[in-house]
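Engineer: Before I ask anything, here is the structure I am working with.
Bear in mind these aren't lab numbers, they're just calculated from the coordinates by the rules spelled out. Small disclaimer: the values here were computed from a predicted structure and weren't measured. Glycine also receives a Cβ, built like all others from the backbone with ideal geometry; neighbour counts cover every protein chain displayed.
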């Protein structure tokens, strides 16, 4: 039986470093206090996306940004 790549229960130090870099970048971009409740929700989102959708840092950052973008923002450009 093939092993599933996604929805891993344990994250390696490398995995955590990827998630942390994405977290730090989004917090900086959106001026979020890393100790706030909003930051905690962001961290949960990042780990969930990492486990279930993509483990690529670039794709993870893009997915998080796209989900956090206000509705209609993509047409406002």
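Engineer: By the gyration tensor of its Cα atoms, with a ≥ b ≥ c the square roots of the eigenvalues, what is the shape of the stretch 13-68: rounded for a/c under 1.5, prolate for a/b over b/c, or oblate?
Structural biologist: Prolate shape, in that a/c is at least 1.5 and a/b is the bigger ratio.
Engineer: For residue 9 and residue 68 in one chain, what is 0.36 nm times their gap in residues minus the Cα-Cα distance, to one decimal in nm?
Structural biologist: My answer for the length gained is 18.8 nm.
Engineer: Here is a further query. Highest mean first, how do 47-59, 23-35 rank when packing is the count of other Cβ atoms within 10 Å averaged over residues?
Structural biologist: 47-59, 23-35
Engineer: Once both labels are modelled 7 Å past Cα along the beta-carbon direction, what's the residue 51-residue 21 spacing in nm?
Structural biologist: 2.2
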